[in-house]
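Working notes for the structure below.
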Amino acid sequence: MPSTHLALHIHVVFSTKDRQPLIHANWRDRLHAYLGGVAKQLEVVPEAIGGVADHVHLLLGIPATVALAPVVRGIKAVSSRWVHEEIGLTKFSWQEGYGAVSVSLPTADG
């Protein structure tokens, strides 16, 4: 095979510090959109983003040339700053760690 094809899909989950329910419904969609924009800037594909008041889920398409840890670190740092500046929630922060598992996308067969 003369070319390389990869399908690396990673489900990432991280929560607010101490799982505090700080992500309010009135700005949650804006946060999810912002997370997707940051992911694109970090050269990954945001395939799906969602979550609730105390955590977020990101399904990311990762190229072979990109390491996951710096991507998640970047997404968390930039989005935390966005919450401080745009939402005005200066005490907001994410937990230190995250969970990540590789997943396969569903096929047309289900």
Phi angles of the stretch 50-58, converted by Karplus (6.51 cos²θ - 1.76 cosθ + 1.60, θ = phi - 60°) into ³J(HN,Hα) in whole Hz with x for Gly and Pro, give x, x, 10, 5, 10, 6, 10, 10, 10
Which of [x] 0.98; [y] 1.01; [z] 0.95 is the computed Rg/Rh (Cα atoms, Kirkwood Rh)? It is [y]
Among the stretch 48-87, those whose backbone N falls under 15 Å of a label point 7 Å along Cα→Cβ from His11 are 48-52, 56-61
Computed about the Cα centre, the charge dipole of the stretch 1-67 from +1 Lys/Arg and -1 Asp/Glu charges at the Cβ has a magnitude in debye, to the nearest 20, of 120
In degrees, nearest 10, the alpha-carbon axis of helix 68-82 is tilted away from the dominant principal axis of the alpha carbons of the chain by 30
Taking the chain and counting helices only, DSSP H stretches of n ≥ 4 at -39,500 (n - 2.57) each over all residues, the nearest-500 ellipticity at 222 nm comes to -9500 deg cm²/dmol
For the stretch 9-94, whose charge dipole is built from +1 on Lys and Arg Cβ atoms and -1 on Asp and Glu Cβ atoms, the candidate among Phe14, Ala39, Ile49 with its Cα farthest towards the positive end is Phe14
Rounded to one decimal in nm, the spacing of the 7 Å Cα→Cβ label points at Thr4 and Val52 is 3.9
Between the Cα axis of helix 25-41 and the main Cα principal axis of the chain, the angle (0 to 90°, nearest 10) is 40
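Bear in mind that the values in this text are calculations on the coordinates, not laboratory data. Small disclaimer: the values here were computed from a predicted structure and weren't measured. As a convention, Cβ positions derive from the backbone with ideal geometry for all residues, glycine included, and neighbour counts pool all protein chains shown.
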